[in-house]
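A short worksheet on the structure shown next.
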Amino acid sequence: MEARDSELEKELNATLQARSELGPEYESALIDSFLEKVDRRLDETLDRRVRRHLAEQQITVARGARAPHEPMAHFGERFGFGIISLVLAIPLSAIGVANAGLEGLVVAWLGIVGVNVAQLARSRPLFRRSEERTKSDWEG
């Protein structure tokens, strides 16, 4: 990764030098050009990581093991559930306060929290074995 960092550093230095030679009127174009190079580099890195991850999954499945639990697989479901519960919290809170005062509000929110905790427990196992945990790219 250090070689790539030095390439980006060279690109940044070249961009800064070009800016000093061309003047501030070309600054926007130079910055856009540099950011496009950074964006391409990020896309290439991400594509490489995704391909590696998919290959690891295919190897695991080919060996007859279960597909690994994917933490982002149900992100949309969890996100949607959280949004819906927050939207429904408004009328439930109003109904609880109107009918039973502060106690009704507490009961309504205990129900909302309970439903969200149950959803979280259903979608995420309580304990994960250490060998199932994968190292991130930030860990050595």
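Only a single item in (1) at pLDDT below 85; (2) in a helix (DSSP H, G or I); (3) among the aliphatic types (A, V, I, L, M); (4) open to solvent by less than 70 Å² (accessible area, probe 1.4 Å) is not met by Ala65, and it is number (2). State which residue is surrounded by the most Cβ atoms within 10 Å (Cβ to Cβ) when the search covers only the stretch 70-85 and only residues that are at pLDDT below 85 and of a type in the set (A, V, I, L, M). For the stretch 70-85, the residue satisfying everything is Ala73.
Yes/no matrix, rows are residues, columns are (1) open to solvent by less than 90 Å² (accessible area, probe 1.4 Å); (2) touching a helix residue (DSSP H, G or I) at 6+ places or on another chain (Cβ under 8 Å); (3) at pLDDT 85 or above:
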residue	(1), (2), (3)
Arg4	yes, yes, no
Lys10	no, no, yes
Gln17	no, no, yes
Leu22	yes, yes, yes
Leu30	yes, yes, yes
Ser33	yes, yes, yes
Val50	yes, no, yes
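The values are calculated or read from the model by the stated rules, or taken from the named source; none is laboratory data. Treat the numbers as computed from the prediction; the structure is a model and nothing was measured. Because the Cβ atoms are built from the backbone with ideal geometry, glycine has one as well, and the counts that use them run over all protein chains shown. Just so you know, the surface numbers come from the protein's heavy atoms only, side chains and all, with ligands and any DNA or RNA stripped out. Shrake-Rupley method; radii C 1.70, N 1.55, O 1.52, S 1.80 Å.
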